[in-house]
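In what follows, a structure is listed as structure tokens, so that the remarks can point back to it.
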């Protein structure tokens, strides 16, 4: 069995059990074991220190033979190349707005809706400010992912802290830096 | 940001986030995602772990 972990550019030494399989300039990192989701995630994160660009693959991509792997990868090389260039040198920082439990306790429907709306407006404001400092960003209603150059992570974290200080009503969970999963589109 | 001051809780949140990413995001090159191997449903086991952790997180975050 061939388990696919990620596509990379500029990969250096890999840990035992992993193999770099080149498809032109795109390199697939594969392994012969069958990891659980946690192990898959830890391998992908470890690649951040071993490659110039890391494009994570979703858990569960398994192939029986080298031919099956090639048949799946070859038609997508152009898209993979483009995505690798986009995330080169970058990590992802996640910012999640956590709902406030106490504001949902009241039985006044209008007050509840006002609280939700102001929470959403504040979250949008935080997102706009952070997106301006990132190379790219994606936002769902409460989650946002920011593509940040590795050398800018310190400055970006400071920007998050400053924004939180100016929005005391928001509960925010900041995670990362991660491999850039949110910028690895299904192809 | 009480999470940052609670190492064990922080570690669990990180674990949940990591597994969440692995299962829901990332490049897909095959149309056929294999979610179970040798009759053992790994993702199902993973999701139960995830749900248990998320419930614990919510209890501690609001308690």
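Each reported figure results from applying straightforward, stated rules to the coordinates on display, with no laboratory input. What you see is a predicted model, and the numbers here were worked out from it, not measured in a lab. We place every Cβ from the backbone using ideal geometry, glycine too, and count neighbours over all the protein chains shown.
Observations
- B:30, A:137, A:182 arranged by Cβ crowding within 10 Å, fewest neighbours leading: B:30, A:137, A:182
- Choice from A:77, A:147, A:55 with maximal GNM fluctuation in chain A (Cα, 10 Å cutoff): A:77
- Tilt relative to chain A, helix A:109-131 - C-alpha long axis, 0 to 90 degrees, to 10: 50
- Legend: mean number of C-beta atoms from other chains within 10 angstrom of residue C-beta atoms, peptide A:53-64, equals 6.
- Label-point gap, in nm, between residue A:140 and residue A:74 - each point 7 angstrom along Cα→Cβ: 3.5
- Remark: relative contact order (chain A) = 25 percent; criterion is Cα-Cα distance under 8 angstrom and separation of 6 or more residues.
- Largest-first principal axis extents, alpha carbons of region A:63-187, Å: 61, 33, 19
- FRET E, pair residue A:151, residue A:128, Förster distance 30 Å, beta-carbon r, rounded to 0.05: 0.85
- Cβ crowding within 10 Å ranks A:23, A:183 as A:23, A:183, fewest other Cβ atoms first.
- Full extension of the segment from residue A:121 to residue A:169, taken as 0.36 nm per residue of separation minus the current Cα-Cα distance, would add 16.1 nm.
- Neighbour counting of Cβ atoms within 10 Å sorts the residues A:162, A:96, A:58, fewest neighbours leading, into A:162, A:96, A:58.
- The alpha-carbon positions of region A:1-151 define a convex hull whose volume is 149 Å³ per residue.
- Shown here is the pair-distance distribution of region A:9-87: with all Cα-Cα distances grouped in 10 Å bins from zero up to the longest one, the shares run 16, 54, 30, 0 percent.
- When the Gaussian network model of chain A links Cα atoms closer than 10 Å, the mean-square fluctuations of A:82, A:62, A:142 top out at A:82.
- Taking 7 Å steps out from each Cα toward its Cβ at residue A:33 and residue A:12 produces label points 2.3 nm apart.
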